Amino acid sequence: MRWFRFAVLVFAATILQTSLVGMISFRGVRPDLLLILLVFFAISIDPRDAIVASFAIGFAADLSNPIGDLMGPQIISFGVFGTLLSDVHSIISIQRISHQAITILIVGALTALLSYLLTLFRAEQVTAHFAQQLLWQPLYSAILGPFLSFPVAWWMRISRKGRKRRRPGRR
Amino acid sequence: MTQRWTRVSRRMLFTWCLLGGLIVMFAPSSLTGKLQLAYTYVRWPLVAGRSPSLAGGIVSPLQAIRNTGTEKAATEHQRLMNHISNLESQLKEARQEIDQLGRVRAVPQWDHMTFLRADVTLISQTQDVLFINRGQKDGVAVGQYVMGDLSVIGIVSNVWTRTAKVKLLTDLTSKIPVTIGESDLPRVMEGRPGNVAKVPLVSASYAVTKGTKVYAKKMPGLLDVPIVAAEVKESRIDPENPSLLDITVRPVCEITALTSVVVIMSAPQP
């Protein structure tokens with residue numbers, strides 16, 4: 001895992017997320033680049049690295065786009081579902097573009113839901129755009145995500161075939 | 001280093017990261033806010049030069065922080081505006097008090113008297129008593145004279161902690177020592193129904209005409225100088241006793257229009 005490249009990529013994604021991504025917003029709905037990166041790394045790198053990468057992306061998400069001025073919910077939700085996705089990918093291959101899109105949609109909805117629930121612990125008011133974050137943003141990300149995985153894979157020098165599934169019985 | 005890294009189990013790694021996330025989540029917002037602010041400062045030079053149109057619909061963390069600050073400033077601004085409004089109201093009230101007391105002080109003979117301004121809280125429907133918002137704590141006592149529009153309108157009859165009742169000169173039980181016109185003839189003005197009063201026992205030899213002023217008599221300790229209280233509404237020979245005049249007077253002050261009065265602060269009657 002090339003962590004320096006990873007850091008540059010995540011940082012660039014957070015910058016883009018809060019700036020130029022607004023150009024391609026549709027009725028206020030923007031794709032979540034960090035969600036796309038989360039799914040990409042969860043299914044492309046070593047499970048151990050995927051855990052750190054997932055939490056790191058969640059941290060970047062909380063920095064760049066905090067929910068109700070609160071940090072932490074996205075670190076946890078991204079970390080949990082990134083790790084879970086990495087484990088699932090060890091059993092079920094997620095290589096096809098359509099599968100990746102569906103994965104982004106599901107993981108996006110789940111992370112938004114968990115972030116929302118975690119935010120309720122601390123914040124008195126939760127974002128009013130919950131429906132947008134739960135459905136439309138993951139949907140937009142799912143449409144765009146599989147195509148963005150090509151340049152990301154090139155940057156990270158990761159083979160598009162991704163990591164091999166773990167064989168049953170092998171540690 | 002790599003060897004040590006790989007020794008950490010995935011479960012432990014996940015636990016550590018999760019713990020880190022929980023710590024960040026439950027950390028004081030002042031600390032996490034600094035993190036967001038630091039990120040904003042790092043990010044700002046990279047996006048500062050972009051076209052404003054690109055920012056459409058985007059709320060950056062800095063902007064969010066600024067918005068939060070703006071909301072706080074707006075709240076503080078509103079609070080201060082309310083405070084200013086209250087002060088303006090108090091200033092207006094103080095000016096009214098100064099104006100009223102200034103008019104009272106404009107009479108040189110009243111210089112050595114002490115006055116207390118009071119607001120009228122209630123006037124009875126029969127216009128024979130009124131209540132003021134001053135009481136024992138303000139030094140108001142039974143027997144003190146009360147003025148309205150620079151004329152005596154009545155005497156304090158009951159006092160409570162923060163309020164007092166003023167018996168007006170038209171009250172049926174009111175008896176105020178007066179003098180009529182320029183004569184020093186002491187008489188007692190008695191209240192009558194219909195917002196009027198009578199001054200009985202005035203000899204028919206006195207020339208009392210309509211419009212003659214009736215003064216509250218000087219009462220040392222209570223009223224140091226005579227003050228106008230009423231004017232003669234009607235003066236005629238008493239049909240029952242032709243040697244006397246039947247004098248009907250009315251207050252020179254429009255009681256119903258009063259919103260504030262002045263209590264003459266003198267020693268209460270024993």
Tell me, which residue of the stretch B:139-172 that is of a type in the set (Val, Ile, Thr), assigned to a loop (DSSP other than H, G, I, E, B) and over 15 Å from residue B:127 (Cα atoms) is nearest to the chain's Cα centre (by Cα)? B:163
Identify all residues within the stretch B:10-29 that are within 9 Å of chain A (Cβ to nearest Cβ) and not in a helix (DSSP H, G or I); write none if there are none. B:27
Looking only at the stretch A:1-18, decide whether some residue is under 22 Å from residue A:135 (Cβ atoms), facing another protein chain (nearest Cβ under 9 Å) and touching a strand residue (DSSP E or B) at 6+ places or on another chain (Cβ under 7 Å). no
Of those in the stretch A:78-94 that are under 11 Å from residue A:57 (Cβ atoms) and among the small types (Gly, Ala, Ser), the residue nearest to the other protein chains (Cβ to nearest Cβ) is A:79
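Residue-wise test of (1) assigned to a loop (DSSP other than H, G, I, E, B); (2) closer than 30 Å to residue B:113 by Cα; (3) in contact with a Pro (Cβ under 9 Å, 6 or more places away or on another chain).
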site: B:184; (1), (2), (3): yes, yes, no
site: B:190; (1), (2), (3): no, yes, yes
site: B:194; (1), (2), (3): yes, no, no
site: B:199; (1), (2), (3): no, yes, no
site: B:207; (1), (2), (3): yes, no, no
site: B:211; (1), (2), (3): yes, yes, no
site: B:230; (1), (2), (3): no, yes, yes
site: B:234; (1), (2), (3): no, no, no
site: B:239; (1), (2), (3): yes, no, no
Residue pairs within 7 Å by beta carbon, gap of at least six or interchain, first lying in the stretch B:174-192 and on the phi > 0 side of the Ramachandran plot, second part of a strand (DSSP E or B) and of a type outside the set (Ser, Thr, Tyr), listed first then second, are B:181/B:213
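I'd like to know if the stretch A:33-51 contains one or more residues that are farther than 28 Å from residue B:9 by Cβ and within 10 Å of the chain's Cα centre (by Cα).
Of the stretch A:33-51, the ones farther than 28 Å from residue B:9 by Cβ are A:33, A:36.
Checking the rest, the ones that are also within 10 Å of the chain's Cα centre (by Cα) come to A:33, A:36.
Yes, because at least one residue in the stretch A:33-51 is farther than 28 Å from residue B:9 by Cβ and within 10 Å of the chain's Cα centre (by Cα).
Residue check: is residue A:31 within 9 Å of chain B (Cβ to nearest Cβ), in contact (Cβ under 8 Å) with a residue 12 or more places away in the chain and either buried (at least 23 other Cβ atoms within 10 Å of the Cβ) or out of contact with any Lys or Arg (no Cβ under 7 Å at 6 or more places or on another chain) (or both)? Don't jump to the end; show me each part of the working.
Numbers: within 9 Å of chain B (Cβ to nearest Cβ): no; in contact (Cβ under 8 Å) with a residue 12 or more places away in the chain: yes; either buried (at least 23 other Cβ atoms within 10 Å of the Cβ) or out of contact with any Lys or Arg (no Cβ under 7 Å at 6 or more places or on another chain) (or both): yes.
Answer is no for this residue.
Quick note: the coordinates plus some simple rules give every number you see, no bench work behind them. No experiment lies behind these values; they were computed from the predicted model shown. For neighbour counting, all protein chains shown are included, and Cβ atoms are generated from backbone atoms with ideal geometry for every residue, glycine included.
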